[in-house]
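Participant: Here it is, the structure in full.
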């Protein structure tokens, strides 16, 4: 297993997951509800920034690796899933949204693994639609975690709109990936 700065940043993102959750279990006399929200928001934003930084540094420093390519999306999906579960528990996100987003991630990860196994991974390579979906999620989650006005913006309302937009983009991107993989799925099914 290689170890370099990009992989360290990815591991830090994974380590941030229990920290984000633990913030909401702090004793009441350690932090107010708003302080917890702010700490969790900052943890999530820092993790999201490491997502950008690890990929950038891996390319810039020529430190890309198969392990890093595997670990990076796993870290992203775990962080988003954990944050969504926390938001559902706090009553700030609908369980339907969390199920759509987490379910899509599991489905597409399994599809990509299967397509790679049969040598057709390029059919389900990351698309611009997937990147837009991720951007909507990464904008919505901190707004919902913060749950406080920011520069005169109702972060809960903005976060709710963005998370529903992310859910719609999630379904759209899942449909796109399944459509791209369908010829191979149909061909393999016909062979049996």
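Participant: Suppose each label sits 7 Å from its Cα in the direction of the beta carbon; what would the residue 28-residue 158 distance come out to in nanometres?
Facilitator: In this crude label model, residue 28 to residue 158 measures out at 3.1 nm.
Participant: Specify whether the C-alpha gyration tensor of segment 1-41 places it in the rounded, prolate or oblate class, a ≥ b ≥ c being the square roots of the eigenvalues: rounded for a/c under 1.5, otherwise prolate if a/b is larger than b/c and oblate if not.
Facilitator: On the way: a/c = 4.84, a/b = 3.27, b/c = 1.48.
Prolate is the answer for segment 1-41, as a/c is 1.5 or above and a/b outweighs b/c.
Participant: Report the extension gain between residue 46 and residue 151 in nm, rounded to one decimal, defined as 0.36 nm multiplied by the number of residues separating them, less their alpha carbon distance.
Facilitator: Details: separation 105, 0.36 × 105 = 37.80 nm, distance 2.01 nm.
So the chain would gain 35.8 nm between residue 46 and residue 151.
Participant: Specify the angular offset, from 0 to 90 degrees and rounded to the nearest 10, of the alpha carbon long axis of helix 33-60 from the longest principal axis of the alpha carbons in the chain.
Facilitator: With both axes taken from Cα atoms, the answer is about 40 degrees.
Participant: Against the longest alpha carbon principal axis of the chain, how many degrees, from 0 to 90 and to the nearest 10, is the axis of helix 5-23 turned?
Facilitator: 50
Participant: Still on this structure: Any chance you could give the angle, 0 to 90 degrees and rounded to 10, that helix 95-117 forms with the longest Cα principal axis of the chain?
Facilitator: That works out to roughly 30 degrees.
Participant: Give me the distance in nm between label points sitting 7 Å out from Cα along the Cα-to-Cβ direction at residue 178 and residue 118, one decimal.
Facilitator: Here the answer is 1.6 nm between the modelled labels.
Participant: If the elastic network links every pair of Cα atoms under 10 Å, which of 91, 159, 55 fluctuates the most in the Gaussian network model of the chain?
Facilitator: Result for the chain, Cα springs under 10 Å: 91 fluctuates most.
Participant: Hey, another quick one. For a quick protection proxy, order the peptides 21-31, 167-177 by their average other-Cβ count within 10 Å, most packed first.
Facilitator: Values: 21-31: 11.8, 167-177: 18.5.
Taking the mean over residues of other Cβ atoms within 10 Å, the ranking is 167-177, 21-31.
Participant: If I take R0 = 25 Å and measure r between the Cβ atoms of residue 106 and residue 8 in this structure, what FRET efficiency does the formula 1/(1 + (r/R0)^6) give, to the nearest 0.05?
Facilitator: On the way: r = 27 Å, r/R0 = 1.07.
Efficiency, rounded to the nearest 0.05: 0.40.
Participant: Quickly estimate the mean residue ellipticity at 222 nm for the chain, helices only: each DSSP H run with n ≥ 4 gives -39500 (n - 2.57), and the total goes over all residues, rounded to 500. All intermediate terms of the calculation are to be shown ahead of the outcome.
Facilitator: Values: 6 runs with 150 residues, N = 192.
Mean residue ellipticity at 222 nm (helix-derived): -27500 deg cm²/dmol.
Participant: Tell me, what is the FRET efficiency for residue 90 and residue 190 to the nearest 0.05, using R0 = 35 angstrom and their Cβ-Cβ distance as r? Working shown, then result.
Facilitator: On the way: r = 48 Å, r/R0 = 1.36.
With a Förster radius of 35 Å, E is 0.15.
Participant: By its C-alpha gyration tensor, with a ≥ b ≥ c as the square roots of the eigenvalues, how is segment 84-177 shaped: rounded for a/c under 1.5, else prolate for a/b larger than b/c, else oblate? Intermediate results must be reported in sequence, preceding the final value.
Facilitator: Details: a/c = 3.27, a/b = 2.22, b/c = 1.48.
Taking the square roots of the gyration eigenvalues as a ≥ b ≥ c, segment 84-177 is prolate.
Participant: Taking log10 I(q)/I(0) by the Debye sum over Cα atoms at q = 0.13, 0.17, 0.18 Å⁻¹ as the quantity of interest, determine which of [x] -0.75, -1.15, -1.24; [y] -0.56, -1.02, -1.17; [z] -0.89, -1.18, -1.23 was computed from the displayed structure.
Facilitator: Given [x] -0.75, -1.15, -1.24; [y] -0.56, -1.02, -1.17; [z] -0.89, -1.18, -1.23, the structure-derived one carries the label [x].
Participant: Taking only C-alpha pairs under 8 Å that are 6+ residues apart, what is the relative contact order of segment 5-191 in percent?
Facilitator: 24
Bear in mind these aren't lab numbers, they're just calculated from the coordinates by the rules spelled out. Bear in mind that the values here come from a model prediction, so they are computed numbers and not experimental data. All Cβ positions, even for glycine, are placed from backbone atoms using ideal geometry, and neighbour counts span all protein chains on display.
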